[in-house]
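Engineer: Got a structure for you, questions after.
The values are calculated or read from the model by the stated rules, or taken from the named source; none is laboratory data. Note that this is a predicted model, so its numbers are computed, not measured. Using ideal geometry, Cβ is built from the backbone for each residue, glycine included, and neighbour counts are taken over all protein chains shown.
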Amino acid sequence: MGQGQLRDGVGTVAMYERSFSMKRSDVDARSVAVIGMACRLPGASAPDELWALLRDAVDTTSETPRDRYDVDALHSPEPRQGRIAARRGGYLEQMADFDAEFFGMSATEATELDPQQRLLLMTTWDALEDAGQRPDRLAGSRAAVFVGNTRADHLELALRRGPETVTAAQLNNFRSLLAARLSHFFDLRGPSVVVDTACSSSLVAVHQAVQSLRCGESPLAIAAGVNLALRPDEGLVLTHAGGMAGDGRSKFGDASADGYSPSDAVAVVVLKRLQDAIADGDRIRAVIQGSAVSNDGRTSDSVLNPSLQGQLDVLRWAYEDAGIDPADVDYVEAHGSGQPALDPLELRALGEVCGAGRPADRPLLVGSVKTNIGHAEAAGGLAGLIKAVLCLEHGQVPASLNVTTPNPNVPWDSLPLTLPSTLQDLPALDRPAVAGVSGQGSSALNAHIVLRQADTPRVRTEPPADEGPYLLAISAHSEAALADLAAAYARHLRPGGAGQAHCLRDICYSAATRRTHHAHRMAVVGRTHEELAAALTGAPGMTGHPLSAVAAAYVAGEEPSWPSVFGEPGRFVPLPGYPWQTRRYWPGEEPAAADGDDLAGWVLREHARTGFDDGSSLTDIGIDSLAKLRIVVELAKRCHQEVDPEELGRLRTVGELRQWTRTLEAAAR
């Protein structure tokens, strides 16, 4: 076959016929399960919160916060060089907040570290909890990490403060460490890659994760996207190029579409080969049946201009890879950024590929999460994928916002697709629902992921009351976090809580076997949801039962034999997430005092990585020889006197440090 034949697609029909006739067993052998998800998006700190705002058609964009940049000084309603078109976008609240102690960081380390890395650490932990994957059991495995990202704003801002402010600590903020930070903390030994293909980055990360799983390179993969817009530079460039929406809203498919609204996002999914997930008893939220990436090549006028052919290619290749007839696709989460040049091409490509052979009474539903939260750039594709999974789980497609007058450059009458203006049910068919997720980058790199609805899990009926009682074991990194977690479990178990939908045995089994067991622990025994909820909040628990002894041993730090406690394995069910104990860490700001205002309190607050008491070893809490060198310099500045590094080097415990700093303070008076 010659190049011309390949370019024109001759032979494609035969390939399609072969791929569409793939047996379900063959498809499942290549498919990948989405077993966990977590996100931090404008207006939503978790997938459940995202679904609520999507269902209610909420626009979460807002005025640009002053801690990003001075929008008053830069905004101009008329696009011009050196000015920014929009006053608003999609922004994360508390984007500087972090649980430093949980991750073994001092206040100084947390302040210096890019908040993208901090948020990615917490969100990845959330996703692993959602997936029921214990990090201690993943440690040392060949699990893979793929992170889509394009920004290093925190590093750029630090370097702009002048040469005298540049320190070796900035090495930690190079973008290549976004994935490496996760691999290091969780001790994952497989591929660890940062993907930058502009706005398609996080979907390309998903595609690479799928390939890693399919070829057996990794047993589990984490795919993520992170984007924090801390400076206006990109907005200035896009305004001058005509790509920034004047009202700060993405208007996908509307005649008034004038560009995109920039947005923050952190999004993480945990992936495993479908057959492995089934064998391991994982909760399968959706199935990735196929994926593809493509470059536009020279099918457009320039590398920055979108290409219809490029989009047609990636759609056809993705559905061929999935073994799915595009006419069977029920919903597509579009790239949908609201770009006047790109929207018509994307909709036309979807209509052409997914419209062939489609029944007239079942138009393709197309929407974009960017109309709710803005365009999260490198993380935007994963935000869309999480939305698509939620649509499949709930069997509904939310409204795509900001459409008043359909774009006249789209031939709506000839395209078998529609943008839902209200919450719509997915069609009830004799097969699982199918969704696609698209992403396009200014790198001319396109990506498309094909999802199908997960099979309905077998629902366990509540066992007879005489099969109880059950032991609920929970733990946290600190006493404060444990108290918060106990309260969250009590809400989960009480009437109206999400736990009421699940068998009590499965809840207790999941907490025991699918969650990390930290140092601070609580264990309660009861026969009903209400009994456990009451015990968690202070009511007298059940005593005199053999499980009471197991509970006491667990609280004392022992690891019970859970198979002996529960017998037959239970079903993994959703549980309350870890209650982060966050504080704000930002350059130039002093973290809120947590250990007094004396000199020792300041040193410990800035440099201790864990909890401590006066008997704690300085080395054990993270104050090693390198940290001591930094402390000497900092103390000399604060005390306005020479500090002997050998004196500090001889100190071994927190108590000795307190006594020594009191001597320094007395000498400085």
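Engineer: In the list V353, V332, V366, which residue meets the criterion of being in the same structural domain as D254 (by TED's automatic domain parsing), in contact with a helix residue (DSSP H, G or I) (Cβ under 7 Å, 6 or more places away or on another chain) and in a helix (DSSP H, G or I)?
Structural biologist: From the options V353, V332, V366, the qualifying one is V353.
Engineer: Could you tell me whether any residue of segment 190-208 is buried (at least 24 other Cβ atoms within 10 Å of the Cβ), more than 20 Å from G380 (Cα to Cα) and in contact with a strand residue (DSSP E or B) (Cβ under 9 Å, 6 or more places away or on another chain)?
Structural biologist: no
Engineer: Taking only segment 417-448 into account, find how many residues are under 16 Å from E393 (Cβ atoms), modelled with pLDDT of 95 or more and of a type in the set (A, V, I, L, M, F, W, C).
Structural biologist: 6
Engineer: For D330, indicate whether it is surrounded by fewer than 18 Cβ atoms within 10 Å (Cβ to Cβ) and under 23 Å from Q424 (Cα atoms).
Structural biologist: Numbers: surrounded by fewer than 18 Cβ atoms within 10 Å (Cβ to Cβ): no; under 23 Å from Q424 (Cα atoms): yes.
In short, no.
Engineer: If you don't mind, there's one more thing I want to ask. Tally time: how many residues in segment 611-656 are closer than 15 Å to G601 by Cβ and of a type in the set (G, A, S)?
Structural biologist: Looking only at that region, the number is 3.
Engineer: Mind telling me which of the residues V145, V194, V204 ends up being in contact with a Gly (Cβ under 9 Å, 6 or more places away or on another chain), assigned to a helix (DSSP H, G or I) and under 26 Å from V437 (Cβ atoms)?
Structural biologist: V204
Engineer: For segment 406-448, give me each residue that is outside any loop (DSSP other than H, G, I, E, B) and out of contact with any strand residue (DSSP E or B) (no Cβ under 9 Å at 6 or more places or on another chain).
Structural biologist: Answer for segment 406-448, where residues must be outside any loop (DSSP other than H, G, I, E, B) and out of contact with any strand residue (DSSP E or B) (no Cβ under 9 Å at 6 or more places or on another chain): D413, S414.
Engineer: Taking segment 86-116 on its own, how many of its residues are among the basic types (K, R) and either assigned to a loop (DSSP other than H, G, I, E, B) or outside the structural domain of D247 (by TED's automatic domain parsing) (or both)?
Structural biologist: Going through segment 86-116 one residue at a time, the tally reaches 1.
Engineer: Here's another thing I want to ask about it. Quick one: which residue in V573, V565 is modelled with pLDDT of 90 or more, surrounded by 16 or more Cβ atoms within 10 Å (Cβ to Cβ), within 30 Å of T513 (Cα to Cα) and in contact with a strand residue (DSSP E or B) (Cβ under 8 Å, 6 or more places away or on another chain)? I'd like the intermediate steps shown before the answer.
Structural biologist: Details: V573 fails: in contact with a strand residue (DSSP E or B) (Cβ under 8 Å, 6 or more places away or on another chain).
Among V573, V565, only V565 is modelled with pLDDT of 90 or more, surrounded by 16 or more Cβ atoms within 10 Å (Cβ to Cβ), within 30 Å of T513 (Cα to Cα) and in contact with a strand residue (DSSP E or B) (Cβ under 8 Å, 6 or more places away or on another chain).
Engineer: Without any contact (Cβ under 8 Å) to a residue 60 or more places away in the chain and under 27 Å from the mean Cα position of the chain (by Cα): which single residue out of A523, A553, A490, A481 fits that description?
Structural biologist: Just a single option satisfies the conditions, and that option is A490.
Engineer: Please go through segment 620-669 and pick out each residue that is surrounded by 14 or more Cβ atoms within 10 Å (Cβ to Cβ), more than 23 Å from E101 (Cα to Cα), of a type in the set (A, V, I, L, M) and within 44 Å of the chain's Cα centre (by Cα).
Structural biologist: Correct list: A636, L648.
Engineer: Scan segment 622-634 and report the pairs whose first residue is in the same structural domain as L599 (by TED's automatic domain parsing) and whose second residue is basic (K, R) and crowded, with 16+ Cβ neighbours inside 10 Å, with Cβ atoms within less than 8 Å and a gap of 6+ or a chain change.
Structural biologist: Note: pairs meeting the criteria are G622/R609.
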